[in-house]
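The values are calculated or read from the model by the stated rules, or taken from the named source; none is laboratory data. Owing to the predicted nature of the structure, the values given are computational and were not obtained by experimental measurement. FYI the Cβ positions are ideal-geometry reconstructions off the backbone, even for glycines, and counts take in every protein chain you see.
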Amino acid sequence: MDVKGGITVSSTSTIPYRPSLSVRVVYEPDGTPLYCGRDVAEILGYKAPVRAIHRAEGLTIYRRRVSWSSAKECRRLSSDVLCLDKHGCKKLAELRKEGSRDAAQWVMNEMIQKAELDRPPVTEVVTQQEPAVSAPPVGEHWPPVDVRGFEAKLDAIIAQCVVMKAQIGSLYGAQYAGQ
């Protein structure tokens with residue numbers, strides 16, 4: 001199992017399976033759909049959907065922080081979601097030994113096709129590359145860095161801490177202010 005890092009993704013949708021079941025789809029910035037693994041496993045009939053995802057070998061699991069709208073309570077929720085790509089969904093459907101064949105066929109064909117059709121337009125993502133800082137050649141020294149601005153900021157932070165410490169001492173007594 002390979003878990004890939006957490007990125008907040010803004011484009012989401014749901015694909016209904018039955019009136020009470022649907023699959024949440026998260027679209028990467030490049031337009032690639034990722035499917036909520038728990039939703040897919042529930043549709044396939046796994047009794048412990050998250051455990052099934054973790055136990056399945058050969059799946060690439062993507063962890064994403066996603067905002068969702070709750071249909072029943074009309075509020076916004078944010079949660080970490082374990083997502084699968086289309087190959088992971090197909091593999092999870094193939095590993096299912098019992099349960100509905102209709103659900104497996106729906107996952108492998110219709111769900112993936114609907115997500116591809118609902119794909120949002122790709123916006124060009126500009127990534128800034130950090131300049132590579134190389135070590136100075138042996139025998140040379142780095143040029144001196146002017147840290148006067150940093151010293152002033154640090155002095156201001158220390159002054160705020162001293163004032164806060166005095167306020168805590170006056171409100172709650174000397175034992176809480178560390179005096």
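Among the residues of region 33-58, those identified as surrounded by fewer than 23 Cβ atoms within 10 Å (Cβ to Cβ) and outside any helix (DSSP H, G or I) are L44, G45, Y46, K47, A48, A56, E57, G58. Beta carbons closer than 7 Å, at least 6 apart along the sequence or on distinct chains, pair a first residue in region 49-63 that is in the same structural domain as D39 (by TED's automatic domain parsing) and more than 14 Å from V81 (Cβ to Cβ) with a second that is at pLDDT 85 or above and among the charged types (D, E, K, R) for A56/K91; G58/K91; L59/K91; T60/D85. Just so you know, in region 81-118 the residues that are surrounded by 15 or more Cβ atoms within 10 Å (Cβ to Cβ) and in a loop (DSSP other than H, G, I, E, B) include one that is modelled with the highest pLDDT, and it is D85.
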